[in-house]
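In what follows, a structure is listed as structure tokens, so that the remarks can point back to it.
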Amino acid sequence: MKYLNGEDAVKAIKPGDRVYIHGGAATPHYLLKKLAERSAELWNVELVSISLQGQAIVTDPQYQNSFRMNSLFVSECVRGAVNDGRADYVPIFLSEIPLLFRRNILPLDVALVQVSPPDKHGYCSLGVSVDIAGAAIQTARHVIAQVNPRMPRTLGDGIVHQDKFDTMVLMEQELPEVTSGNPQDEIAHRVGAYCAELVEDGATLQMGIGSIPDAVLGSLTNHKELGVHTEMFSDGIIPLIEKGIVTNQHKKKYRNKTVTSFLLGSRKLYDFVDDNPAVAVLNIDYVNDTSVIRTNPKVTAINSAIEVDITGQVCSDSIGTYHFSGVGGQMDFMRGAALSEGGKPIIALPSTTRKGESKIAAFLKPGAGVVTTRAHAHYIVTEYGIAYLYGKNMRQRAKALINIAHPNHREALEQAAFKRFHNYEFERTYY
């Protein structure tokens, strides 16, 4: 395969094209830079991606007449553009995104991906972000690959022969790195400790990145024979694998392997997964398939939220009408865990925002999106304890959730609950 320079490679993109951008830590920033340099020649180019990392230059306001992001997840670098009206957001389960490409709902003209160098057999790896990239490569009319020696060679569904790429550009760049949560965050440690109490030996874990997931993982050092089947993982899982706590020996799918769809963290993480046969990085429509998730034992899915109302409705993608993230894979795993034998779907969050507002709310903010419905909510965890909602009626749910709200907000929540449900327990306290 002959390598082209970036300027010539992106000439394949024409006005009006729909272009897929590889996401996560695989965001091909060099190709995006070369695409931005062509902005004067382009207009009405639609850019499709999930979570981009780093500064995505094509979302800058100066390029809004040339490019418009149609984002499948609202990551930090596109959040401003989405909420300013310069970009769009498609709410969709991660597991179903490949169907958008395969069913020609969002047919792709060009795909921009980042891969490891070809091995002696001509095979590259999609590295840290397999997720929806495989479906994009299979369906796009033209595929441009940035070949980056810094991209780890991960094993699984991301192995792609160089013949699948119409154009290859050689450019070595450091991958975006994301540091985990604040190790001094006492609230996160308390939330994590409560979550860890719910994790049984032999459980299969799903969780993301941040202070609370790291706190949960840090609280599992006395557990045994855990498995991992998760849409993404970060540095926090490495110590559990190295200490033999994560063994994956009880899983039904990919036994003895840690399964993920993408990775996001430090260079240590990227080096850890490089050519590591104990880690399988697979397509998102498999990893997040509820029928696959449920086959594993004691699936314990730990996800976050922006706010939860007193009936158990979980808002995870917006602050009122302000788009903050996306639907993502939360419901894929909440439902999969609920259907798993001994499974536990968990929503974990601090009881208050940084401004002191209660995250346990009488009502969700106007315009807030419900990602996990009240019928799907089982466990809600804050630093004040665990609320188990499954099988409880509306008044029982309110009482359980108020008990784990911040003490400063419980009186107001109880008054709201009495007004709504006329519960004698609330009445006895305040009326």
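The values are calculated or read from the model by the stated rules, or taken from the named source; none is laboratory data. Since we're looking at a predicted model, the values are computed, not measured. Heads up, the Cβs are rebuilt from the backbone with ideal geometry, glycines too, and the neighbour counts pull from every protein chain shown.
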- Of these, Gly85, Gly54, which one is closer than 20 Å to Asp131 by Cβ and surrounded by fewer than 22 Cβ atoms within 10 Å (Cβ to Cβ)? Gly54
- Query: more than 30 Å from Ile360 (Cβ to Cβ) and in contact with a strand residue (DSSP E or B) (Cβ under 7 Å, 6 or more places away or on another chain), is that true of Leu264?
  - Reply: no
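Conditions tested, residue by residue: (1) touching a residue at least 60 places away in the same chain (Cβ under 8 Å); (2) touching a Lys or Arg at 6+ places or on another chain (Cβ under 7 Å); (3) crowded, with 19+ Cβ neighbours inside 10 Å.
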residue: Arg79; (1), (2), (3): yes, no, no
residue: Ile92; (1), (2), (3): yes, no, no
residue: Leu100; (1), (2), (3): no, no, yes
residue: Ile105; (1), (2), (3): no, no, no
residue: Gln114; (1), (2), (3): yes, no, yes
residue: Ile132; (1), (2), (3): yes, no, yes
residue: Thr139; (1), (2), (3): no, yes, yes
- Conditions (1) over 25 Å from the mean Cα position of the chain (by Cα); (2) under 27 Å from Pro98 (Cβ atoms); (3) charged (D, E, K, R); number of the one not met by Asp332: (1)
- Subset of segment 81-109 [farther than 24 Å from His142 by Cα and touching a Pro at 6+ places or on another chain (Cβ under 9 Å)]: Ala81, Asp84, Arg86
- Residue set Ser180, Ser125; condition polar (S, T, N, Q), crowded, with 18+ Cβ neighbours inside 10 Å and at pLDDT below 95; output residue Ser180
- Message: Quick check on Arg153: is it assigned by TED's automatic domain parsing to the domain that holds Tyr270 and in contact with a strand residue (DSSP E or B) (Cβ under 9 Å, 6 or more places away or on another chain)?
- Response: no
